[in-house]
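Peer 1: My questions all concern the structure below.
The values are calculated or read from the model by the stated rules, or taken from the named source; none is laboratory data. Keep in mind the model is a prediction, meaning the values are calculated, not measured. Methodologically, a virtual Cβ is constructed for each residue, glycine included, from the backbone with ideal geometry; neighbour enumeration extends over all protein chains shown.
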Amino acid sequence: MTDHKQFRAIRGTRDILPPDSSLWNWFERTARGVFESFNFREIRTPIFELTDLFARAVGADTDIVGKEMFTFEDRGAGILDVTKFSLNLDSLAQLEEAMKRGELANSERNRTVVSELRMNTIELSEVTEKITSAIREGKIELIQQYLPQSNRLSEQCNTLRQLIQFGDVLSLRPEATASVVRAHIEHGMHNLPGNQKLYYVGPMFRRERPQKGRYRQFYQIGAEVLGPSDAPGIDAEVIEMLLVLFNRVGLTRTTLYVNSIGCKECRPKYVELLREELRKVKDRLGADSQRRIETNPLRVLDSKLPEEQEIIATLPRISDHLCDACREHFAKLKDELNLRGIAYQENWRLVRGLDYYTRTTFEVTSEGLGSQNAVCGGGRYDGLVELLGGPPTKGIGFAIGTDRAILSIQEGGHLPKLPGLDVFVAWMGAKCYTTAVGIARKLRDAGLAVELPAEEMKFKKSLGLADKLGARSALIIGEDEVASGTFTLKRLADSEQKKLTESELLIHLESERKGETLGRYA
Ligand code: AMP
């Protein structure tokens, strides 16, 4: 029987089709150009890493790590393959050795499972021995007494055995800063001269509730600066770069919010004060905020619940509790922004969801996106490199949500005029096909987009298709044209026709493309 199941993209993921994909490519191309003009260079990291990397960097108590990651267990290799593993005390010792060598995940779960398996296996071999001697001595009642115990123990062993994690526990990346920092450490990039200025482009994965502007596979373009200096000028330059990009792509209905959330000297004291104040008003808060009082009180400031806003407005503000160094850093950041003519709003509630931020945090929101209106978030993360086992290094970065940036550009209605199909080659007669193929190759080599029908078409149909495909011009190649060596180029917008030789044709089309903004996008 034929299965008529219709496959569809998984909820929260989507296909990006032409012509939208052209807009995406243009956006990413523009970002690369802007970032490279600020001397940033691209880093490409894998889309999955050890789950522990994200747990350590992003924070085990965050929503992202706590409930949003796509996590899976890798398959073990070689002797530790689950299908080949048989259970006895020797193989358990092998497992323990493999855990020590790092070939088998040395996780809490594996340690517990192996120690329970050891106890069960010892007990099982004792019972088996008793059964064997009862058989030898022909004591049926003893055999009957031990058999259920033996069965229960083997069943338990089998269940436990299924729980061994033979491979590493991996997660699809929910963000890229952790990977960039991991790569920075792994490749000793702190030994390279100056600050490392890196950017990345690619998909991220979070198991969120999908809605407009919020997907489970979404795309980010981000940048990071890692190095010895935490000069506020670096923070300001990173923000400037982001706004230069937004300006260049016409994302102008935006607001930049900045804040400082202090450092490891002053923030813990503020967090404690906040926690004490929140406990006093606990009964008036929603369930999420009540929980966060203990787990992550800063996140309460993020709350969008209308009934909590009045309470939050009365809470102590971090700006009144920054240490001198952080206060000075924040003041200098604002001077540096002013120096660059960058307008911003201070938002003391901008704490961002991830654990690794220190001092500067910032966010850009864009109009027309509804509730998911943040198009970019970023901040400083001094200390993250050390946390992941690297040498003392400062860091700052941001991530732009490409999906939302594109949505906002589309909503704004100022779409760029992107080049489309330049030439449709309308050839007629089998004898003309060779000439058509040759000319198409030359035009393509010159950088023009050319459509060459593989099958002969009637003249009218050919021009009709050229028009539907949005071609700028149709190049007519019939037997007369081949004989005379001059071709008719018809501009489809106004039907103007020109007779041109092959070399004139190339010059004409190239100059037309350069000056022409008759793009066919949208
Ligand atoms: P974050 O890493 O959470 O600071 O996110 C940085 C930016 O990525 C946000 O400002 C959004 O524009 C975008 N973003 C985050 N999560 C999603 C999502 N689930 N779907 C689409 N865009 C997202």
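Peer 1: Which fully enclosed strands (runs of 3 or more DSSP E) of the stretch 307-403 have 3 or more residues being away from the ligand (no atom under 12 Å from the Cβ) and over 19 Å from the mean Cα position of the chain (by Cα)?
Peer 2: Details: elements: 358-366, 374-380, 394-401.
Passing ranges, in order: 358-366.
Peer 1: While we're on this one: Could you please tell me which pairs satisfy a Cβ distance under 7 Å, a separation of 6+ or placement on different chains, a first residue in the stretch 349-370 that is over 14 Å from Leu242 (Cβ atoms), and a second residue that is polar (S, T, N, Q) and assigned to a loop (DSSP other than H, G, I, E, B)?
Peer 2: Short answer, once both residue conditions are applied: Gly353/Thr62; Leu354/Thr62; Asp355/Thr62.
Peer 1: All but one of (1) over 14 Å from Val258 (Cβ atoms); (2) buried (at least 19 other Cβ atoms within 10 Å of the Cβ) hold for Arg380; state the number of the condition that does not hold.
Peer 2: Every condition holds for Arg380 apart from (1).
Peer 1: State all residues of the stretch 390-406 that are more than 22 Å from Gly194 (Cβ to Cβ) and either in contact with a strand residue (DSSP E or B) (Cβ under 6 Å, 6 or more places away or on another chain) or at pLDDT below 95 (or both); if no residue qualifies, say none. It would help to see each step written out before you state the result.
Peer 2: If we filter the stretch 390-406 for residues that are more than 22 Å from Gly194 (Cβ to Cβ), which is where we start, we get 399-406.
If the condition is that a residue be more than 22 Å from Gly194 (Cβ to Cβ) and either in contact with a strand residue (DSSP E or B) (Cβ under 6 Å, 6 or more places away or on another chain) or at pLDDT below 95 (or both), then Ala399, Ile400, Gly401, Thr402, Asp403, Arg404, Ala405 are the ones that fit.
Peer 1: Here is a list of conditions, (1) at pLDDT below 95; (2) touching a strand residue (DSSP E or B) at 6+ places or on another chain (Cβ under 9 Å), and Ala483 meets all of them except one; can you say which number that is?
Peer 2: Every listed condition holds for Ala483 apart from (2).
Peer 1: Identify the single condition in (1) closer than 30 Å to Ala331 by Cα; (2) outside any strand (DSSP E or B) that Arg279 does not satisfy, given that it satisfies every other one.
Peer 2: Answer for Arg279: the failing condition is (1).
Peer 1: Another question, if that's okay. What pairs come up if the first residue lies in the stretch 285-302 and is in contact (Cβ under 8 Å) with a residue 40 or more places away in the chain, the second is of a type in the set (A, V, I, L, M, F, W, C) and not in a helix (DSSP H, G or I), and their beta carbons are under 6 Å apart, counting only those six or more places apart or on different chains?
Peer 2: Leu298/Val351; Leu301/Val351
Peer 1: On to the next question. Answer yes if at least one residue in the stretch 216-231 is within 18 Å of Leu388 (Cα to Cα), touching a residue at least 12 places away in the same chain (Cβ under 8 Å) and either near the ligand (Cβ under 9 Å from one of its atoms) or of a type in the set (A, V, I, L, M, F, W, C) (or both), and no otherwise.
Peer 2: We begin by selecting, within the stretch 216-231, every residue within 18 Å of Leu388 (Cα to Cα); these are 224-228.
If we keep only those that are touching a residue at least 12 places away in the same chain (Cβ under 8 Å) as well, we get 224-228.
Checking the rest, the ones that are also either near the ligand (Cβ under 9 Å from one of its atoms) or of a type in the set (A, V, I, L, M, F, W, C) (or both) come to 225-226.
The answer is yes; a qualifying residue exists.
Peer 1: Another question, if that's okay. Output the residue which, of all residues in the stretch 182-214 that are part of a strand (DSSP E or B) and of a type in the set (D, E, K, R), is farthest from the ligand (Cβ to nearest atom).
Peer 2: The qualifying residue farthest from the ligand (Cβ to nearest atom) is Lys197.
Peer 1: When the residues of the stretch 161-181 are narrowed to those that are modelled with pLDDT of 95 or more, small (Gly, Ala, Ser) and not in a helix (DSSP H, G or I), which ends up nearest to Glu386 (Cα to Cα)?
Peer 2: Residue satisfying both the conditions and the ranking: Ala176.
Peer 1: In the stretch 459-489, what residues are within 48 Å of the chain's Cα centre (by Cα), over 18 Å from Pro419 (Cα atoms) and not hydrophobic (A, V, I, L, M, F, W, C)?
Peer 2: Within the stretch 459-489, Lys460, Lys461, Ser462, Gly464 meet the criteria.
Peer 1: Can you go through Glu49, Glu97 and tell me which one is among the acidic types (Asp, Glu) and part of a helix (DSSP H, G or I)?
Peer 2: Values: Glu49 fails: part of a helix (DSSP H, G or I).
Within the list Glu49, Glu97, the selection yields Glu97.
Peer 1: What are the residues in the stretch 350-369 that are at pLDDT below 95 and of a type in the set (D, E, K, R), if any?
Peer 2: Correct list: Arg352, Asp355, Glu367.
Peer 1: Quick test of your reading of the structure: Thr435 fulfils all but one of (1) in a helix (DSSP H, G or I); (2) buried (at least 23 other Cβ atoms within 10 Å of the Cβ); (3) β-branched (Val, Ile, Thr). Name the failing condition by number.
Peer 2: If we test Thr435 against (1) in a helix (DSSP H, G or I); (2) buried (at least 23 other Cβ atoms within 10 Å of the Cβ); (3) β-branched (Val, Ile, Thr), just (2) comes out false.
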